[in-house]
1. Please list, or write none, the lysines whose alpha carbon is within less than 18 Å of the alpha carbon of Lys76, excluding same-chain residues fewer than 8 places away.
2. Let me know the charge dipole size of the chain about its Cα centre in debye, to the nearest 20, where only the beta-carbon of Lys, Arg (+1) and Asp, Glu (-1) is charged.
3. Less than 24 Å apart at the alpha-carbon level, and either on another chain or at least 8 residues along: which lysines does that give for Lys45?
4. Considering the options Gly61, Ile21, Val34, tell which one lies farthest towards the positive end of the dipole of segment 1-74, charges being +1 on Lys and Arg and -1 on Asp and Glu at the Cβ, about the Cα centre.
Amino acid sequence: VDAFQAWCGPCKTVVDLFRKIRNEVGSDLLHFAVAEVDSIDALEKYRGKCEPVFLFYAGGGLVAVVRGANAPLLQKTILEQL
């Protein structure tokens, strides 16, 4: 989940990375979503930051968090979680 604030928008720079990985591993294993933290109370702790935050969920729970648009770290985290 790309957690973002309305004033800075979702992180468009990593969309291509997610698409590439999703095409490689298959759409059944990886799902990408965006969430505006200003309108979701459960994500309140991610408000007030200008860097994107990527939340990784598996089995209904949060399993990893990556702060910032660090493509190599995002790719590593995605592949580790899969």
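Every number in this text was worked out from the coordinates using simple rules, so none of it is lab data. For clarity, every value in this text was computed on a predicted model and none was experimentally measured. Counting neighbours? That spans all protein chains shown, and the Cβs are built from the backbone with ideal geometry, glycine included.
1. Lys20
2. Numbers: 9 positive and 10 negative charges, 44 e Å.
Dipole of the chain, to the nearest 20 debye: 220 debye.
3. The reachable lysines, counting only those whose Cα sits under 24 Å from Lys45, are Lys12.
4. My answer, from the dipole projection, is Ile21.
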